[in-house]
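Structure, as structure tokens:
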Amino acid sequence: MEEEEPSFGEVMNFYNDKLDELLGDPLLNDLPQEVTLEEVNAKIALEFGQAMTIRIRRADGFTYPVIVKQDATIGDLKKAITRHVQLKQQREGGNQCISWRRVWKSYWLYYDGQKLKEDSHKLRDYGLRNHDEVTFIKRLKEK
């Protein structure tokens with residue numbers, strides 16, 4: 001006897017039940033309901049010491065965490081910041097378009113007296129570790 005394929009609604013109900021079960025785990029319970037696979041993987045990597053949390057302080061003083069791999073570069077950190085802000089906007093229903101190219105041309109990431117200029121350099125080259133804070137500072141024209 002041939003088994004009937006489940007409907008889309010049944011598959012989505014199963015998926016949502018399993019997702020609720022996963023998000024009930026103490027490791028993952030602070031993730032949003034609309035979590036992405038990328039966020040789950042980052043959280044698991046963080047738990048196993050394969051990633052670190054870097055706190056980002058915006059120019060207005062607001063701070064938020066982003067998760068990057070232990071061997072991440074400045075470019076990886078910029079991508080993580082971009083992704084964090086995009087997901088936050090989607091979840092809050094925002095439709096403001098941010099020109100990230102302009103952001104990176106207008107601001108430096110700054111840590112411990114150092115401008116994080118080279119996208120290819122590793123975070124650890126600058127001494128960045130888990131729970132450190134990076135700030136945005138306005139770029140001034142260099143002479």
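Values as computed for the structure displayed
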item: Percent accessible area from carbon and sulfur atoms, the chain, protein chains only, probe 1.4 Å; result: 50
item: Which listed pairs, of Lys88/Lys122; Lys79/Lys122; Lys69/Lys138; Lys43/Lys122; Lys88/Lys138, have C-alpha distances above 18 Å, in listed order; result: Lys88/Lys122; Lys69/Lys138; Lys43/Lys122; Lys88/Lys138
item: Accessible surface, region 43-110, averaged per residue in Å² (probe 1.4 Å); result: 60
item: Packing rank of 74-82, 99-107, where each peptide gets the mean count of other beta carbons within 10 Å, highest leading; result: 74-82, 99-107
item: Part-to-part distance (alpha-carbon centres) for region 98-116 and region 1-79, which is given in Å; result: 25
item: 5 angstrom amide H check on Ala51, placed H, neighbours 5+ away; result: Leu46, Gln70
item: Structure-based [θ]222 nm, the chain - -39500 (n - 2.57) summed over DSSP H runs of at least 4, per residue, nearest 500; result: -11500 deg cm²/dmol
item: Amide H contacts of Leu116 (H built 1.01 Å from N, under 5 Å, at least 5 apart or other chain); result: Leu109, Tyr110, Tyr111
item: Helix 8-23 vs. the chain, principal-axis angle (Cα, 0 to 90°, nearest 10); result: 60
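The values are calculated or read from the model by the stated rules, or taken from the named source; none is laboratory data. Here the structure is a predicted model, which means the values were calculated and not measured. For neighbour counting, all protein chains shown are included, and Cβ atoms are generated from backbone atoms with ideal geometry for every residue, glycine included. With ligands, DNA and RNA removed, areas are computed over all heavy atoms of the protein, side chains included. Shrake-Rupley method; radii C 1.70, N 1.55, O 1.52, S 1.80 Å.
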